[in-house]
1. If you go through region 91-99 one residue at a time, do you hit one that is within 16 Å of R168 (Cβ to Cβ) and either assigned to a strand (DSSP E or B) or within 16 Å of the ligand (Cβ to nearest atom) (or both)?
2. What are the residues in region 226-240 that are within 27 Å of A317 (Cβ to Cβ), out of contact with any Asp or Glu (no Cβ under 7 Å at 6 or more places or on another chain) and at pLDDT 95 or above, if any?
3. Counting only residues that are within 28 Å of A303 (Cβ to Cβ), give me the helices (runs of 4 or more DSSP H) lying completely in region 1-73 with at least 3 of them.
4. Take the residues in region 105-118 that are without any contact (Cβ under 8 Å) to a residue 40 or more places away in the chain and part of a helix (DSSP H, G or I); name whichever of them is nearest to T44 (Cα to Cα).
5. Please specify each residue of region 102-152 satisfying the condition of being within 9 Å of the ligand (Cβ to nearest atom) and among the aliphatic types (A, V, I, L, M).
6. Report yes if some residue within region 324-334 is surrounded by 16 or more Cβ atoms within 10 Å (Cβ to Cβ), of a type in the set (S, T, Y) and within 16 Å of the ligand (Cβ to nearest atom); otherwise report no.
7. When you look at V193, is it free of Cβ contacts under 8 Å to residues at least 12 places away in the same chain, of a type in the set (A, V, I, L, M, F, W, C) and under 25 Å from Y106 (Cβ atoms), yes or no?
Amino acid sequence: MAVEQTYPEIREAVSRLCAQFTGEYWRKLDQDKAYPTEFVAALTEAGYLSVLIPEEFGGSGLPLGAACAVLEEIQRSGGNGGACHAQMYTMGTLLRHGNTQQKNQYLPAIAEGSLRLQAFGVTEPSSGTDTSRIRTVAVRDGDDYVVNGQKVFISRTEHSDLMILLVRTTPRDQCARHTDGMSVLLVDMREAVGNGLTIKPIDTMMNHATTELFFDDLRVPVQNLIGEEGKGFKCILDGMNAERILIAAECIGDARWFTEKSSRYACDREVFDRPIGQNQGIQFPIARAHIHTEAAALMVQQAADLYDAGKPAGAEANMAKMLASEASWEAADQCVQTHGGYGFTTEYDVERKFRETRLYQVAPISTNLILSFIATQELGMPRSF
Ligand SMILES: Cc1cc2nc3c(=O)[nH]c(=O)nc-3n(C[C@H](O)[C@H](O)[C@H](O)COP(=O)(O)OP(=O)(O)OC[C@H]3O[C@@H](n4cnc5c(N)ncnc54)[C@H](O)[C@@H]3O)c2cc1C
């Protein structure tokens, strides 16, 4: 028996939509390193990518828990929401910190699907996890900022019209706190590419449409500053709890896909004249992965409930992300083991999902950084960095 499923109608509808996009569809994309354009279009048309946008801007104004249900079901169907999940949470920075003009200009078009806000540019080659050391700078010149620098692992930039970009507007050593002096710009990719922005795809072990970005005197109008200049870190931090909870829900979906696939195969596959699942050596690791998944699912639900109630959810969001990403990885590993040699063949989709779910122990935040956050912020131990 799994943890009680919230939003059953949404889950059923998403699962029906996903059934049109079979393993064969995802396998072909994976082989071709292609973007799931048709899948994203279907999700957008059905309104699932705008569930978090308030009704006044044309979305459905649902809680985070509903968005979790959507993403979990996509992963549970064998698909990959990584192609579009950022559309859900990235707009939160604009919604919470954008001015009225910016919200009216962009949110209805994002909700309708005519404008894509899929890209979120924070990580840089030299700073890594230490965001306060980003080197991409924006210098004010009249009515524009002039942006120079480099970002790495910025996903979906080739499939997005807009990007939320974190830049330095005041040098780090001139700020009272290291996290001061950074600002958020909304970059219109349609105008930027070829005019100071160059995109270079990065080949990764799974199909994730991630890229490197090079800024060379890119001009961004000052009117595209989101929130206050110098307070950008806080703007993006706000969205990170939502991102972690949503990614955790995706991991739960992955874990359930793996465990269902393992149990089914363990019942069907006969070796030594009996189903392999009759052996406890096969049963127990699958049962253990299931138990860990359901425990993690409770934490994801708790984090989403706190977030939706407007209560502090930082610790729960981080714990949910860590537990869920570890549960999905455990379930993935057991799924390969249960399938024996067939786990390594592409036609079972196990090896593809195995590669895909590994990401979530590193991005959007790595496990060590979560442990450090809990150790210092929750348990009061001294910071190591
Ligand atoms: C496929 C993919 C898609 C991505 N998409 C995006 C995106 O759209 N936008 C974006 O901004 N970023 C994106 N990222 C970047 C991702 O968020 C980072 O890779 C991640 O935050 C880790 O940063 P890093 O790779 O620089 O690792 P590093 O910071 O170099 O860390 C390397 C390892 O060292 C560990 N480590 C570092 N410091 C410490 C410490 N003090 N104590 C203990 N351990 C430590 C880390 O936990 C990690 O395991 C993506 C990454 C990938 C792989």
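1. First pass over region 91-99, keeping only residues within 16 Å of R168 (Cβ to Cβ): none.
Scanning region 91-99 turns up no residue that is within 16 Å of R168 (Cβ to Cβ) and either assigned to a strand (DSSP E or B) or within 16 Å of the ligand (Cβ to nearest atom) (or both).
2. I226, G227, E228, K231, G232, F233
3. 8-19, 37-45
4. A109
5. If the condition is that a residue be within 9 Å of the ligand (Cβ to nearest atom) and among the aliphatic types (A, V, I, L, M), then A119, V122, V152 are the ones that fit.
6. Scanning region 324-334 turns up at least one residue that is surrounded by 16 or more Cβ atoms within 10 Å (Cβ to Cβ), of a type in the set (S, T, Y) and within 16 Å of the ligand (Cβ to nearest atom).
7. Details: free of Cβ contacts under 8 Å to residues at least 12 places away in the same chain: yes; of a type in the set (A, V, I, L, M, F, W, C): yes; under 25 Å from Y106 (Cβ atoms): yes.
Yes.
Residue-by-condition table, conditions (1) touching a residue at least 12 places away in the same chain (Cβ under 8 Å); (2) within 16 Å of the ligand (Cβ to nearest atom); (3) closer than 15 Å to I252 by Cβ; (4) within 20 Å of the chain's Cα centre (by Cα):
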| position | (1), (2), (3), (4) |
| --- | --- |
| E316 | yes, no, yes, yes |
| E351 | yes, no, no, no |
| S372 | yes, yes, no, no |
| Q377 | yes, yes, no, no |
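The values are calculated or read from the model by the stated rules, or taken from the named source; none is laboratory data. Please read these numbers as outputs of a predicted model, since none were measured by experiment. A quick note on method: Cβ atoms are made from the backbone with ideal geometry, for glycine too, and the neighbour counts reach across all protein chains shown.
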